[in-house]
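The structure appears right after this line, and notes come after that.
The values are calculated or read from the model by the stated rules, or taken from the named source; none is laboratory data. None of the values given here were measured: they were computed from a predicted structure. We place every Cβ from the backbone using ideal geometry, glycine too, and count neighbours over all the protein chains shown.
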Amino acid sequence: MDNFFKDYLEFMFVYINDILIASNNMKDHIKHLEIFSDACHRERLVLSEKKATIAVNKIEFLGILIFETGIELQDHIVEKIRNFSNVLKDKKHLQSFLGVVSFAGIFIKDLAKYRKDFRPLLIETESSKWKWEEIHTQRVRELKQVCSNLPKLAIPQDKDELVVYIDANDYRWAVVLMKKTTTGEEPCRYTGGLFSEQQAQVWHINEKEFFAVWKAFKKWPLFLLAKSLH
């Protein structure tokens, strides 16, 4: 599906068979819909009229509520996180929990800080014993609390002045994308991760910070490329 619309990714997002078309105004939206329609005819794609929603300023898409000025995580994703037990019984259960939490990752500041203590459990082998400790229960509770109070995130516009904040230490990196407003700054996206054991031991702190910058550009090229940043 991506190959059919690769020339239109400036205004189109494709995930498997779900397609989102986003425009700055109604005039552009009509033009984008015409381009999309022509592409579907050309590729002989059949669309579902019942599943189509056209010309709205708020829409639910892949677990995220998208509106004119920002995005927020839908309640059913948060509820799914809350419904996990505070004590996870095995590696598969932990992976399921972290998978849902990672889906909410763009809303969570410094997610890697919470994930660090789970790393030994994730590299557990069949011969090793599952060893769940109080620190793991504490991290699950903390993540549930964080996910119950997630911020709404702004959508950067072409005219917006953006600021990228990076942070790195011995074991993890974190990035925040902000946009400047008349009253200060608003968060647009969060990302971060854990360094591998080799990276943590060998890299200088400057290399770790540069790695965080590279990750930010790789994660958000649409927002950051050809922009003046601070």
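Can you say whether LEU150 is among the aliphatic types (A, V, I, L, M), closer than 30 Å to VAL87 by Cβ, touching a Leu at 6+ places or on another chain (Cβ under 8 Å) and in contact (Cβ under 8 Å) with a residue 60 or more places away in the chain, as far as the supplied structure shows?
In short, yes.
Can you tell me which residue among ILE30, ILE71 is touching a strand residue (DSSP E or B) at 6+ places or on another chain (Cβ under 8 Å) and either at pLDDT 90 or above or surrounded by fewer than 16 Cβ atoms within 10 Å (Cβ to Cβ) (or both)?
Just one listed residue meets the conditions, ILE71.
Specify which of the listed residues (VAL202, VAL163) is farther than 21 Å from PHE13 by Cβ, aliphatic (A, V, I, L, M) and either under 16 Å from the mean Cα position of the chain (by Cα) or modelled with pLDDT of 95 or more (or both).
Exactly one of VAL202, VAL163 is farther than 21 Å from PHE13 by Cβ, aliphatic (A, V, I, L, M) and either under 16 Å from the mean Cα position of the chain (by Cα) or modelled with pLDDT of 95 or more (or both), namely VAL202.
Considering only residues that are without any contact (Cβ under 8 Å) to a residue 24 or more places away in the chain and surrounded by 11 or more Cβ atoms within 10 Å (Cβ to Cβ), which ones fall in the stretch 99-111?
Within the stretch 99-111, VAL100, SER102 qualify.
Give the stretch 1-60 a look and list any residue that's in contact with a His (Cβ under 8 Å, 6 or more places away or on another chain) and part of a helix (DSSP H, G or I), or say none.
If the condition is that a residue be in contact with a His (Cβ under 8 Å, 6 or more places away or on another chain) and part of a helix (DSSP H, G or I), then TYR8 is the only one that fits.
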